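Scroll down for the structure; my scribbles are underneath it.
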Amino acid sequence: FPSHDIEVKYNAGVKYYEKKDYYHALQLFEELITIYCGTAKAEQSYYYYCYCTYNVDDFQTAAYHFNDFLETYPSSKHGEEIQFMYAYCFYQDSPIATLDQTSTLDAIDKFQIFTNRFPSSPKVAEANKLIDELRLKLETKAFQNARLYYKTENYKAAYRDWETIIIIR
């Protein structure tokens, strides 16, 4: 961005963000969060930065920054929203059932933390719905594994995965 005036850059970043040009907004806010460190605009700049990383589909980086935002600004007015988005990044990063389900387990954990921390939030119903969806994915994975083990006559392993399905339910 050609200007050296940080207010001009901030306003340009907000305009890019509002136009959904997250890539350009991200570049500006990346610079601004270090410049504004320790000032009143630091929190709002970081808020925009977190959402820019999310909106460019970089869910792992966004999760990191949403969590960092929570740690940096624990009493922020955006705390509830950011806590939900932190969990939602893991949900977005959760792969199909045939792949490794680490992000799925992390998403369930983070949504549970959200519902425990904000039990009266209007987002609790959505978080619970997403937890159910993620658990179904884990059940599907366990069922597919059990079926594979059964077909290969590895009955002990098949039984272990069948027990996993029962535990998930």
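The values are calculated or read from the model by the stated rules, or taken from the named source; none is laboratory data. The structure presented is a predicted model; accordingly, all values stated were derived computationally and were not measured. Note: ideal-geometry Cβ built from the backbone for every residue, glycine included; neighbour counts use all protein chains shown. Just so you know, the surface numbers come from the protein's heavy atoms only, side chains and all, with ligands and any DNA or RNA stripped out. Shrake-Rupley method; radii C 1.70, N 1.55, O 1.52, S 1.80 Å.
Structural remarks
- Whether a residue is outside any helix (DSSP H, G or I), out of contact with any Leu (no Cβ under 6 Å at 6 or more places or on another chain) and basic (Lys, Arg) was assessed, and residue 15 does not pass this test.
Here is a yes/no grid of residues against (1) assigned to a helix (DSSP H, G or I); (2) open to solvent by 50 Å² or more (accessible area, probe 1.4 Å); (3) under 28 Å from residue 131 (Cβ atoms):
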| site | (1), (2), (3) |
| --- | --- |
| 10 | yes, no, no |
| 28 | yes, no, no |
| 31 | yes, yes, no |
| 38 | no, yes, no |
| 48 | yes, no, no |
| 57 | no, yes, yes |
| 62 | yes, no, yes |
| 82 | yes, no, yes |
| 90 | yes, no, yes |
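- Odd one out for residue 95, checked against (1) open to solvent by less than 70 Å² (accessible area, probe 1.4 Å); (2) part of a helix (DSSP H, G or I); (3) closer than 20 Å to residue 133 by Cα; (4) out of contact with any Asp or Glu (no Cβ under 7 Å at 6 or more places or on another chain): (2)
- The number of residues in the stretch 98-125 being closer than 18 Å to residue 78 by Cα and open to solvent by 30 Å² or more (accessible area, probe 1.4 Å) comes to 9.
- Annotation: of all residues in the stretch 69-80 being more than 18 Å from residue 120 (Cα to Cα) and in contact (Cβ under 8 Å) with a residue 12 or more places away in the chain, the one that is most open to solvent (accessible area, probe 1.4 Å) is 72.
- Meets criteria (outside any helix (DSSP H, G or I), under 21 Å from residue 142 (Cα atoms) and in contact with a helix residue (DSSP H, G or I) (Cβ under 8 Å, 6 or more places away or on another chain)) for residue 104: no
- Qualifying residue in the stretch 4-13 (condition: out of contact with any Cys (no Cβ under 7 Å at 6 or more places or on another chain), among the basic types (Lys, Arg) and within 23 Å of residue 116 (Cβ to Cβ)): no
- Within the option set 97, 12, being small (Gly, Ala, Ser) and within 30 Å of residue 140 (Cα to Cα) holds for one residue only, 97.
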